[in-house]
């Protein structure tokens, strides 16, 4: 039963992604200064902590489309828990899998926990949707560079955070937009 549900969800999601790709070749990029970009993450975390989950979800989604791996992980977790968005194991898994493109322990652990509950057939059935999402919002598509860092004020071998930064165009950052934003901007 679960396998049919996953297969049907993958088919619907893949069709919607395919239609989006035909509607616009790519979402384009916004120019944003680095302070404004960094503030987005702070705003998302503060909104989440203050219980403004839909607002937090929206900001994390914007950052996820920009290729930020920590935001992609948070977006996946919000989908899994139904925080600010209807609960979806499928969408949560997809975003966690794209975050895990950057080889970081917590990203891998989240994906491994979900995959442990999947059959081999289920893993194969979601693979095309993962590839499509990675093609849109992975590191190569979004031109982000990510580095593992330590939160401590002293140098540490323990890396407990991932910081991603979009490519610079002069003094501004080229921040990848979401496909849905591009499509709605093209509508009259």
Burial ordering of 137, 79, fewest other beta-carbon atoms within 10 Å first: 79, 137
With a 10 Å Cβ neighbour count serving as the proxy for reagent exposure, in which order, fewest first, do 75, 40 appear? 40, 75
How would you rank 102, 37, going from fewest to most other Cβ atoms within 10 Å of each one's own Cβ? 37, 102
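Every read-out reported here was derived from the displayed coordinates using simple, explicitly stated rules and does not represent laboratory data. Here the structure is a predicted model, which is why all the values come from computation and not from measurement. Because the Cβ atoms are built from the backbone with ideal geometry, glycine has one as well, and the counts that use them run over all protein chains shown.
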